[in-house]
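Reviewing the structure listed below.
Nothing in this text is a laboratory measurement; each read-out follows from the coordinates by a stated rule. On a predicted model such as this, the values are computed, not experimentally measured, just so you know. In this analysis, Cβ positions are derived from the backbone assuming ideal geometry, glycine residues included, and neighbour counts consider all displayed protein chains.
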Amino acid sequence: MNATRFIVVGSLIDVLGGRVRKRILLTVQGGRIAAIGPAAERAGGNGVAVQDLSHCTVVPPLVDCSVALAGSSSLESQAGRGETAGSQDATLVARHLRDCHDHGVLGLADRSAAATPAEAQGLVTLRSCGRLVRGDDGVLEVAAAGDFLRIDSTGDIDADTPASPGLDRQALGRLLAQRGPGRTVVVANGATAVTEALAAGCDAIEQGYRMGEANLRLMARNRVLWIPSLLRARNGLDCASSGGSVCCRFSLRAVAPGEPQPGAEAYWRGLLADQLAQLRLARSLGVPVAVGTGAGSPGILHGESVVEEMKLFLRAGWSLEETMHSASEQGARFFGMDNLGGLAVGRPATFLVTRGSPQQLPRKLAYLEGIYLGGQPSDSYRKNPVKVVHPRP
């Protein structure tokens with residue numbers, strides 16, 4: 001484990017402010033990056049083996065700040081599962097963990113408030129949500145602490161019915177006072193709801209549809225994280241356009257039968273356009289933004305949905321480097337995932353390998369060449385081994 005390894009990289013995106021670097025030599029020792037320099041610095045000699053990734057692009061691991069591991073993107077009803085529900089949930093969670101790992105999503109904030117499964121060890125870094133309960137008097141309370149607390153103020157933008165009753169500033173403030181040491185994420189849509197969540201002192205806003213410029217400026221000033229969840233609106237648009245519900249892979253959509261809803265397509269098209277415009281404004285204002293897909297909601301898959309969310313960031317005018325930063329470093333730092341994030345000397349040598357050039361990103365992240373954990377290829381990722389070259393002495 002402490003042996004020094006040398007890895008030649010064709011292109012490196014460290015997401016820490018620099019541009020794409022070409023022909024890089026990574027030196028790894030003790031599972032951490034010991035040096036980053038030009039590949040020409042070690043043209044050969046000493047007979048030391050060098051891992052050859054000169055045909056590849058290396059990026060940090062991805063982080064999804066909004067998943068439900070126990071939720072399913074399937075359109076099939078979960079009703080009637082009966083006594084087998086527990087075992088089915090465990091199987092579902094294990095599969096979703098595998099899906100995330102195999103797509104390079106190594107950091108997850110799980111909003112389903114499920115117990116951390118043993119399968120997570122070695123696959124992903126998991127942050128679990130605290131659990132809320134509503135008492136007999138109808139008042140919400142924190143029933144169990146977690147790594148973070150997610151509070152639905154207005155309900156998910158794509159939910160059939162909004163959260164009821166809604167939470168005002170006082171109710172949010174009371175819940176936030178019970179949160180413990182973890183972070184708080186409030187799902188809030190609309191200008192008033194977001195304003196109240198910010199006034200209550202939340203650490204992040206998830207979704208934030210139609211929250212407006214004033215709230216974005218306040219978030220920039222107070223460094224409140226935004227998780228825009230654009231994919232929820234795009235999925236809603238796809239469903240409305242098809243006249244049914246969209247699910248399965250983004251490259252091959254499956255549409256469930258359904259009756260078209262008058263005005264639905266125009267509504268979702270406008271909502272997506274407005275959210276993209278807000279994301280453009282957030283970029284210019286300097287709002288900290290992280291990627292959260294809502295995976296586990298109907299039609300939003302675990303793992304591969306991160307790439308689809310990143311494509312929407314690019315559509316909003318963000319650069320590839322900025323998008324990668326939001327999809328890795330921002331979420332890792334917010335949720336305290338110290339083993340993930342940007343690539344720099346002294347940090348863990350955990351990264352993703354994609355075949356080809358940066359111009360092929362984020363598409364190539366959907367089928368990785370390799371995943372490295374602590375400078376070593378992941379034993380859990382199934383891919384043909386990369387080439388090793390031995391310099392001439």
| query | Once the principal axes of the Cα atoms of region 100-223 are found, what is the range along each, listed largest first in whole angstroms? | reply | 42, 37, 32
| request: Give the long-range amide H neighbours of Gly370: residues separated by 5 or more places, or on another chain, with amide H under 5 Å away, using H modelled in the peptide plane at 1.01 Å from N. | output: Val353
| note | Taking r as the C-beta separation of Asp274 and Gln170 and R0 as 30 Å, the FRET efficiency to the nearest 0.05 is 0.55
| Amide H within-cut-off set for Thr293, under 5 Å, with H built and near neighbours excluded | Cys65, Ser66
